[in-house]
Amino acid sequence: MVVARFPSKQWRNRIHSALLRDVTSDLIYSIETGGESSKCQLMSLLPKSGTLQYPATQLVALARLILTQYESHLKVEFDAYNESNDDDATCDAGLILDDIHMLNYLVNLPRYVEMEELRRGEKMNPVDYHGIDYPKQPERALLNVGIQRKANYLFVDAVKLRKETRREPSSGGNWDSEDALLDFLVFLSQPKHKDLFDVGT
């Protein structure tokens, strides 16, 4: 069972009405509000069970997608800066790439291993990442990603790039569901939100 505490009614309503629209994951969440003036359980949303199903699979996939896109974008910039001998910009882009690499260690292990092996020029020993390769690690890491000091700026910039570069939705659709998940990733990445969620077994 996952317990979630939200700081405001606005976020509770947004997550319930938009973020939880399309469900494919089997993770079950029990939600209650936080704060001295709002300590009521949200049983009224689903009075029979008091639980919500949460799209963890989509959230992880989207987080991985936008971080990979941001990483690719930065690599192009890094190479351009390096070619033009702009040392300061090259250094800045390189530092951000390092930050993404370390975040991938938690939320996208296959990508981390791929890039680390390219850097090392050899295969990694599984011992190097033993303990974070279990199935629920990406969800657990994302729900508490605010504990990572640099996660917020990475997700803010990655989300901004995603919204600027994605194509128009097909068949007259819209990006409402994705936008809700993107907003939620930024929300989770804020340090003050790092303890809102616990992932159950």
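The values are calculated or read from the model by the stated rules, or taken from the named source; none is laboratory data. Just so it is clear, the structure is predicted and the values come from calculations on it, not from any experiment. As a convention, Cβ positions derive from the backbone with ideal geometry for all residues, glycine included, and neighbour counts pool all protein chains shown.
What the table below lists for this structure:
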read-out	value
So ARG162, is it in the same structural domain as GLU77 (by TED's automatic domain parsing) and surrounded by 15 or more Cβ atoms within 10 Å (Cβ to Cβ)	yes
Any hit, the range 159-168, residues being hydrophobic (A, V, I, L, M, F, W, C), within 19 Å of GLU71 (Cα to Cα), assigned to a helix (DSSP H, G or I) and without any contact (Cβ under 8 Å) to a residue 24 or more places away in the chain	no
Residues within the range 119-155 that are surrounded by fewer than 14 Cβ atoms within 10 Å (Cβ to Cβ) and modelled with pLDDT of 90 or more, tallied	2
